[in-house]
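Data block below; observations after.
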Amino acid sequence: MEIGSGLTIGLILGTVIGVAAMLIWVERRLLGLWQERLGPNRVGPLGLFQVVADMIKIFTKEDWTPPFADKFSFVLAPAIIMTVVLLSFAVIPFAPNIGIVDSNIGILFVLAMASIGAYSVMLGGLSSDNKYALLGSLRAAAQMVSYEVFMGISLLGVVALSGSFDLREIVHAQEDMWFVVPQFIGFVIFLIAGVAESHRLPFDIPEAEQEICAGYHTEYSGMKFGMFFVGEYLGLVLVSSLITVLFFGGWMGPAFLPPVVWFALKSGVFICFFILLRAAIPRPRYDQLMSYGWLFLLPLSLLNLLVTGALILMN
Amino acid sequence: MFKLIQDTLISQVVTLWNVFRHLFVKADTVEYPDQQPYMFPRWRGRIILSRDPDGEERCVACNLCAVACPVDCIALQKAETDDGRWYPEFFRINFSRCIMCGFCEEACPTHAIQLTPDFEMAEYKRQDMVWEKEDLLISGTGKYHDYNFYRVAGLAIAGKDKGEALNEDKPVDVRSLLP
Amino acid sequence: MTLLFYLAGAVAVISTLCVIVQTNIVHALIYLILSLLAVAVVFFSLGAPFAAVLEAIVYAGAIMVLFLFVIMMLNLGQHSRDQERSWLQARGWILPGTLAAVLLVQLLNVLLVIDHDFVPTEVGVLEVSALLFGPYVLAVELASILLLAGLVAAYHLAKK
């Protein structure tokens with residue numbers, strides 16, 4: 001396989017969407033394990049076909065557009081998040097010979113896509129013409145714009161160490177040492193910001209069920225809801241693979257396994273970690289989230305960048 | 001500063017670890033249709049009407065159960081046989097209203113109405129949740145095997161006059177002067 | 001790359017026109033975002049990927065989000081749409097149309113006079129940074145002071 005060939009693109013697209021769909025089952029089973037339950041185990045062996053059942057359900061559900069909604073934005077919103085997250089996968093190097101594009105602005109491209117992803121949530125909530133949806137998208141807008149800042153700044157330490165925005169170059173720069181060691185603070189901030197960007201628990205404030213129904217996708221049903229749903233899982237996969245690439249050496253590992261398997265294993269660990277976060281940590285209040293970000297994470301990430309730069313200059 | 005780190009970082013990591021350890025704990029779930037749970041004999045489930053040891057209906061249609069019922073799901077109509085025994089002409093329980101509280105069982109003076117450990121009463125039609133006397137009556141005595149109301153009660157029926165019940169004295173002749 | 005440039009340029013021009021004539025303000029904003037993204041693609045095709053990505057992150061990603069944020073709070077309904085429509089009459093187009101035509105003539109003049117043997121060269125992150133912190137460091141510092149002043153002022157206003 002060569003980088004950027006049609007076959008590679010098709011395989012990556014299929015794998016990524018397949019993994020995102022499987023996560024429906026993985027997440028429910030893992031949550032079950034951690035809560036001393038069993039989770040879905042009826043459909044097929046170990047409940048594996050639950051994914052198929054969910055798919056059939058979501059495809060055949062009535063796809064209803066409320067009469068009071070702004071149709072143009074209402075239909076556009078779920079398409080944006082899917083497109084944007086899938087586009088972000090274009091710059092991720094999965095293995096030495098697997099990938100779609102080696103862009104010299106790889107990280108920036110991912111950040112740009114993440115910032116455009118905010119529109120999906122905002123338009124979805126705004127066009128629904130519903131109080132809960134509006135509240136959810138207001139929260140989402142503030143949360144995503146704020147956490148993008150720390151996400152970008154926490155990455156700059158890695159960029160400074162490797163001297164490139166190209167994700168493949170960054171992986172090659174980690175041959176001696178994974179960046180998680182010199183950039184541990186950057187890693188923690190990126191992890192937190194990543195959870196907030198993909199608005200999963202504990203930072204699922206835009207869609208907090210207990211407070212505001214389902215937040216921005218209150219009015220959505222059928223496949224339009226499904227796209228929000230799969231988009232969230234795709235975001236989870238994206239953040240996990242980004243952490244793997246940026247801080248844990250990407251595909252590198254002992255030679256007894258092929259590189260792409262190492263990549264999948266490392267990303268899988270982070271996906272499980274995100275599910276553990278969902279199982280364990282309660283949701284903070286909205287103002288706590290904002291003040292935690294701006295008053296604690298922002299100074300910390302700036303300090304991290306400053307110290308990293310100073311150390312690089314000293315050597 | 002230390003308190004902030006304690007609140008935001010350390011306590012969260014401790015929580016994560018504690019939840020992670022549940023991976024190695026056996027699940028509490030009972031896989032119900034495959035694995036039947038043990039039901040205690042005095043569990044309050046489906047209501048039945050029992051018979052006395054002679055095989056007659058215990059219910060004397062006193063309506064106490066219908067009065068005690070907090071959701072008014074019991075309806076019955078009194079009737080009388082030629083020998084003076086009371087019985088319900090119809091006895092109807094609407095199980096879609098019943099809350100299995102057991103008040104009817106406590107109110108019943110004759111141990112006729114009893115609650116059983118059965119709880120699987122799902123139906124496709126709501127009307128099927130209304131049970132008539134034929135559905136409710138069982139052929140046995142339920143939890144109280146020896147009790148027979150007409151043998152201990154003072155009421156006169158055919159074949160048993162006043163004073164002939166168990167542990168009952170002859171009626172006092174109030175017109176006599178003798179003690 | 002040339003085809004990409006012209007395509008993106010056309011998208012930018014058309015969507016900007018749509019921003020002007022659109023009466024629904026949310027739709028107008030979506031067209032504006034589309035226009036900014038098209039401009040980003042134009043930058044990219046001219047060999048300035050860094051500028052392209054910054055256009056997407058800063059303008060399309062951050063500033064437009066704040067626009068949308070404000071519009072969410074305003075609760076604009078049919079009334080505002082009618083008002084917009086009443087403003088979009090032929091009479092109102094005369095002066096701006098004339099001024100824009102003058103600008104267009106000047107622009108065409110410039111484009112026709114200058115010899116445009118323009119060969120795009122890649123301007124990467126390194127070149128941009130070297131320029132920003134080399135000859136233009138004073139401008140960068142001034143801009144940062146301006147932003148800091150804005151930040152302090154906003155904090156002061158919001159505190160009351």
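The values are calculated or read from the model by the stated rules, or taken from the named source; none is laboratory data. Just so it is clear, the model here is predicted, and its values are computed rather than measured. Glycine also receives a Cβ, built like all others from the backbone with ideal geometry; neighbour counts cover every protein chain displayed.
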Legend entry - So C:Ala62, is it in a helix (DSSP H, G or I), within 9 Å of another protein chain (Cβ to nearest Cβ) and surrounded by 10 or more Cβ atoms within 10 Å (Cβ to Cβ): yes
Legend entry - Index of the failed condition, C:Val53 passing every other in (1) within 19 Å of A:Phe165 (Cβ to Cβ); (2) facing chain A (nearest Cβ under 9 Å); (3) modelled with pLDDT under 85: (3)
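If a residue has to be farther than 30 Å from C:Ala28 by Cβ and among the aliphatic types (A, V, I, L, M) to count, how many in segment A:91-121 make the cut?
So in segment A:91-121, the residues farther than 30 Å from C:Ala28 by Cβ come out as A:91-104, A:106-107.
Those left that are additionally among the aliphatic types (A, V, I, L, M): A:91-92, A:95, A:98, A:100-101, A:107.
Residues meeting the conditions: 7.
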Inset, instruction - Only residues in segment B:144-171 that are part of a loop (DSSP other than H, G, I, E, B) count as the first member; pair them with residues that are of a type in the set (Asp, Glu) and surrounded by 13 or more Cβ atoms within 10 Å (Cβ to Cβ), Cβ under 8 angstrom, at least 6 apart or cross-chain, and list the lot. - result: B:Tyr147/B:Asp52; B:Asn148/B:Asp52; B:Gly154/B:Glu168
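Residue-wise test of (1) assigned to a loop (DSSP other than H, G, I, E, B); (2) not hydrophobic (A, V, I, L, M, F, W, C).
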{"position": "B:Cys62", "(1), (2)": "yes, no"}
{"position": "B:Ala66", "(1), (2)": "no, no"}
{"position": "B:Asp83", "(1), (2)": "yes, yes"}
{"position": "B:Pro88", "(1), (2)": "no, yes"}
{"position": "B:Ile93", "(1), (2)": "no, no"}
{"position": "B:Cys98", "(1), (2)": "yes, no"}
{"position": "B:Glu106", "(1), (2)": "no, yes"}
{"position": "B:Thr110", "(1), (2)": "yes, yes"}
{"position": "B:Phe119", "(1), (2)": "yes, no"}
Inset, instruction - Report, by residue number, each residue of segment C:10-43 that is over 13 Å from the mean Cα position of the chain (by Cα), in contact (Cβ under 8 Å) with a residue 12 or more places away in the chain and under 26 Å from C:Gly124 (Cα atoms). - result: C:Val11
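Applying the selection to segment A:108-140, what residues are among the charged types (D, E, K, R) and in a helix (DSSP H, G or I)?
The answer is A:Lys131, A:Arg139.
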Inset, instruction - Would you check if A:Phe72 is among the aromatic types (Phe, Trp, Tyr), assigned to a helix (DSSP H, G or I) and in contact (Cβ under 8 Å) with a residue 60 or more places away in the chain? - result: no
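Pick from B:Arg97, B:Arg58: which is touching a residue at least 12 places away in the same chain (Cβ under 8 Å) and touching a His at 6+ places or on another chain (Cβ under 9 Å)? Show your work before the answer.
Numbers: B:Arg97 fails: touching a His at 6+ places or on another chain (Cβ under 9 Å).
One residue alone meets the criteria, B:Arg58.
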Inset, instruction - Say whether the condition of being assigned to a helix (DSSP H, G or I), facing another protein chain (nearest Cβ under 10 Å) and over 21 Å from C:Ala12 (Cβ atoms) is met by at least one residue in segment C:98-120. - result: no
Inset, instruction - Looking only at segment A:163-173, decide whether some residue is basic (Lys, Arg) and closer than 24 Å to A:Asp102 by Cβ. - result: yes
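Restricting segment A:174-191 to residues that are outside any helix (DSSP H, G or I) and farther than 9 Å from A:Gly157 by Cβ, which is farthest from the chain's Cα centre (by Cα)? Before you say what the answer is, go through the steps one by one.
First, the residues of segment A:174-191 that are outside any helix (DSSP H, G or I): A:174-183.
Now restrict to residues that are farther than 9 Å from A:Gly157 by Cβ: A:174-178, A:180-181.
Working: A:Gln174: 23, A:Glu175: 25, A:Asp176: 27, A:Met177: 25, A:Trp178: 21, A:Val180: 19, A:Val181: 23 Å.
The qualifying residue farthest from the chain's Cα centre (by Cα) is A:Asp176.
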Legend entry - Residue in segment B:30-38 that is crowded, with 16+ Cβ neighbours inside 10 Å and in a loop (DSSP other than H, G, I, E, B) present: no
Legend entry - Out of C:Val26, C:Val21, sole residue that is at the interface with chain A (Cβ under 8 Å from one of its Cβ atoms), at pLDDT below 85, under 26 Å from C:Ser86 (Cβ atoms) and in contact with a Leu (Cβ under 8 Å, 6 or more places away or on another chain): C:Val26
Inset, instruction - Read through the list (1) among the charged types (D, E, K, R); (2) part of a helix (DSSP H, G or I); (3) within 30 Å of B:Tyr147 (Cα to Cα), then give the number of the only condition that B:Arg21 fails. - result: (3)
Inset, instruction - Return the only residue of A:Pro66, A:Pro96 being in contact with a Phe, Trp or Tyr (Cβ under 9 Å, 6 or more places away or on another chain), surrounded by 15 or more Cβ atoms within 10 Å (Cβ to Cβ), more than 14 Å from chain C (Cβ to nearest Cβ) and under 17 Å from A:Ser241 (Cβ atoms). - result: A:Pro96
Legend entry - Candidate set from segment A:104-115 (those that are among the aliphatic types (A, V, I, L, M) and in contact (Cβ under 8 Å) with a residue 40 or more places away in the chain); member that is surrounded by the most Cβ atoms within 10 Å (Cβ to Cβ): A:Val110
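Would you check which residues across segment A:161-173 are in a helix (DSSP H, G or I) and in contact with a Gly (Cβ under 6 Å, 6 or more places away or on another chain) and list them?
We begin by selecting, within segment A:161-173, every residue in a helix (DSSP H, G or I); these are A:161-162, A:167-172.
Correct list: A:Leu167, A:Val171.
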Inset, instruction - Write out, first by first residue and then by second, each pair whose Cβ atoms fall under 8 Å of each other, whose residues are 6+ apart or on separate chains, and whose first residue, in segment B:9-27, is under 11 Å from A:Glu36 (Cβ atoms) and more than 8 Å from every other protein chain (Cβ to nearest Cβ) while the second is of a type outside the set (S, T, N, Q) and surrounded by 11 or more Cβ atoms within 10 Å (Cβ to Cβ). - result: none
Legend entry - Scope segment A:280-296; condition more than 9 Å from chain B (Cβ to nearest Cβ), farther than 13 Å from A:Ala196 by Cα and small (Gly, Ala, Ser); matching residues: A:Ser291
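How many residues are farther than 28 Å from B:Cys98 by Cβ and of a type in the set (S, T, N, Q) if we restrict to segment B:16-48?
Going residue by residue through segment B:16-48, those that are farther than 28 Å from B:Cys98 by Cβ are B:16-28.
Within this subset, residues satisfying the condition of being of a type in the set (S, T, N, Q) are B:18.
Total satisfying the criteria: 1.
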Inset, instruction - Check whether at least one residue in segment A:152-171 is within 10 Å of chain C (Cβ to nearest Cβ) and without any contact (Cβ under 8 Å) to a residue 24 or more places away in the chain, and report yes or no. - result: yes
Legend entry - Leading residue by the ranking (surrounded by the most Cβ atoms within 10 Å (Cβ to Cβ)) among those in segment A:116-150 that are more than 9 Å from every other protein chain (Cβ to nearest Cβ) and closer than 17 Å to A:Pro202 by Cα: A:Gly136
